[in-house]
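Presented below is the structure to which this report refers.
The values are calculated or read from the model by the stated rules, or taken from the named source; none is laboratory data. Being a predicted model, the structure only gives us computed values, none of them experimental. Glycine also receives a Cβ, built like all others from the backbone with ideal geometry; neighbour counts cover every protein chain displayed.
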Amino acid sequence: MTLLTNDPLTQLAFSIYENKGVFAVLLGSGLSRAAEIPTGWEITLDLIRRVALAQGVQDQIDWAAWYREKTGEEPNYSTLLEQLASSPEERRSILHSYIEPTEEDREEGRKIPTAAHHAIADLVRGGYIRVIVTTNFDRLMENALRERGIEPTVVSSVDALNGAEPITHSACYILKLHGDYKDARILNTEAELSGYPAQYDALLDRILDEHGLIVCGWSGEWDHALRAAFLRAPNRRYSVFWASRGNPGNGARALVDHRRARVIPISDADSFFRALHQRIETLEQSHRQNPLSIELLVSSAKRLLAKPEHRIQLDELLTQETQRLSTRLDGAEFAVPGSWDQAVFRAYVRRYESATEALVCMTGVLGRWGDDSELSLVLDIIRSLYAQAEKIGGGLTVFLGLRSYPAVLVFTAYGLGLTRAGRWKALHRLFDAVIDRQHREPVRAVQALFLWAWKGTENDAWKQIEGLEKRKTPLSDHLLTLFSEWHKSFAGLTPDFELMFERFEMLGSLAHLERNDKASVQQELAGEPRNGWAWMSVGRVGWHESNAEKLVSELQSDSMKSALAQAGFAKGDPEFIDLFIQNFRRMAGRMRW
């Protein structure tokens, strides 16, 4: 027995995850049935019912039996549709009422995208699925994709195929084999479905040859042209997985055997695609950069930093890792979603952290053991990551803000390393460094990347992280948790990391206050004590009273005041530090309520 015996779903998840963009999806009418869009058989029976009632026939318990008795034939969707409507335009009109949702349908959740459609859309957004083939006329799949901010290339006619973006260049390519219900050229009857245009056959042959396939909601019994495409496919280079409720019928079994497909028993399409997406998301979350690779990179940074003659190699090492990260950040897994989803936000946070961990720890090493000569390199890294984040301006604001999270992590790691080493001058230069912003005025790094000042904190986004829903300083708390693990590779033995972390944040708050001149801060503090203060970004130390008092005592000491002022903090004026402490205490008093 193997590890994956009797678990084809996990096998499929691994195949999709490790072969990103290789698998296509074939969707049949069963997928739309969950949205209460009737199948061809159900439409057939309803059409029989409506015709018979119009002729004065009383309502029947079994309309199929009545039809057999009346005509001597089996109810046939194609035959009935041909009898009722002689032209494709008329057939389209008949179908329209069965597919287009009314206001009542929308309110009650009918004829709108299902959980399966949304799960597939999430897989497309993650870059795992790029090609969707469907026999359905409806637009549920397109609607689900658009809700996720994805505009698919849709081919529903030969004309559309001739003018469509090439399949290799499309982020999502939908081939609607039977057409679209709003187009008169839909294929309904058995005669129409007996063969596809040559252009469709060529495209289908290519898809079935070059892609793995997930089949769901298609019986394999009808649509002779599609069956023929399966049977003539020459290669089996990628697997076929056939999701089936119960045992596959004879038609499906023939195709399963021909393609050596793996059958996945399912209860319904919704639970199948949801479970598949969850497994892939789990693989994605657990697939961080190899810890040994991270350890090797950090060790290499330490070794090269130790000798001045190796500074060129150190620069190259950091540059290569930054380029690797930038390439990954430009990939589909970090595409900006078009709609809000808490689970997606949490997954993106984990993804950014996983992708950035190695570079973060390496820059922490530079802060802890550097000699100021590395500062320009670190600032180049931060600025390049921020500039890359600014390139994309379309999408949901919360995810656009999150794009600069890697720059925040590198900024924080280097700052923590500098704090651990007591390198106050370099720390102030980090806070004071200029960050260019697209279409806006440049600002200091502490005003672009530090706690509340960072645009990624807008609308209390970090309260969406599990366990932070009621926190006063959710981003600060999350960063403490994250760096409590990461700092071990660069901060050495730190008896009280929490205190060191909050020391970094308090000095960041001091640097943030420096955007105000001394007179304006004095003026704000002259106001009513409960409300009179100059705004500045404050982390968890604002409400963490025990550490706050320790750090305030540090700042009040003459030696620390002098050292910070000489390093450039407080505009070089020790009296500004006293104003900062007064300002901090007023803000902290409000945060502790």
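Quick test of your reading of the structure: Leu513 fulfils all but one of (1) modelled with pLDDT of 95 or more; (2) surrounded by fewer than 17 Cβ atoms within 10 Å (Cβ to Cβ). Name the failing condition by number.
Only one criterion in (1) modelled with pLDDT of 95 or more; (2) surrounded by fewer than 17 Cβ atoms within 10 Å (Cβ to Cβ) is unmet by Leu513, namely (2).
Output the residues belonging to region 140-167 that are without any contact (Cβ under 8 Å) to a residue 40 or more places away in the chain and under 18 Å from Ala335 (Cβ atoms).
Those that are without any contact (Cβ under 8 Å) to a residue 40 or more places away in the chain and under 18 Å from Ala335 (Cβ atoms): Glu142, Ala144, Leu145, Glu151, Pro152, Thr153, Glu165.
Out of all the residues in region 225-270, which are modelled with pLDDT of 90 or more and of a type in the set (Ser, Thr, Tyr)?
Listed by number, the list holds a single entry, Ser244.
Within region 448-463, restricting attention to residues that are buried (at least 18 other Cβ atoms within 10 Å of the Cβ) and in contact (Cβ under 8 Å) with a residue 60 or more places away in the chain, which residue is farthest from Trp369 (Cα to Cα)?
Ala461
Give me the residue from region 224-241 that is of a type in the set (Phe, Trp, Tyr) and under 17 Å from Val22 (Cβ atoms) and, out of that set, surrounded by the most Cβ atoms within 10 Å (Cβ to Cβ).
Of all residues in region 224-241, those of a type in the set (Phe, Trp, Tyr) come to 230, 238, 241.
Still in the running and under 17 Å from Val22 (Cβ atoms): 238, 241.
Working: Tyr238: 16, Phe241: 22.
That would be Phe241.
Across region 543-561, which residue is surrounded by the most Cβ atoms within 10 Å (Cβ to Cβ) among those that are of a type in the set (Asp, Glu) and in contact (Cβ under 8 Å) with a residue 40 or more places away in the chain?
So the residue we want is Glu554.
Within region 335-438, which helices (runs of 4 or more DSSP H) (wholly inside it) include 2 or more residues that are among the hydrophobic types (A, V, I, L, M, F, W, C) and within 22 Å of Ala511 (Cβ to Cβ)?
Answer list for region 335-438: 342-369, 375-390, 405-421, 424-432.
So which strands (runs of 3 or more DSSP E) stay within region 122-234 end to end and still have 1 or more residues that are among the hydroxyl-bearing types (Ser, Thr, Tyr)?
Working: elements: 129-134, 153-155, 173-176, 212-216.
Those strands (runs of 3 or more DSSP E) span 129-134, 153-155, 173-176.
Suppose we keep only residues that are under 51 Å from the mean Cα position of the chain (by Cα) and surrounded by fewer than 11 Cβ atoms within 10 Å (Cβ to Cβ) within region 60-78. Which one would you say is farthest from His224 (Cα to Cα)?
Among those residues, the one meeting the criterion is Ile61.
Of the conditions (1) in a helix (DSSP H, G or I); (2) surrounded by 17 or more Cβ atoms within 10 Å (Cβ to Cβ); (3) among the β-branched types (Val, Ile, Thr), Ile312 clears all except one; give me its number.
(2)
Considering only helices (runs of 4 or more DSSP H) fully contained in region 1-109, which possess at least 2 residues that are at pLDDT below 75 and of a type in the set (Asp, Glu)?
88-99
Could we say that Glu528 is in a loop (DSSP other than H, G, I, E, B), exposed (fewer than 15 other Cβ atoms within 10 Å of the Cβ) and not assigned by TED's automatic domain parsing to the domain that holds Gly364 here?
So Glu528 fits the description; yes.
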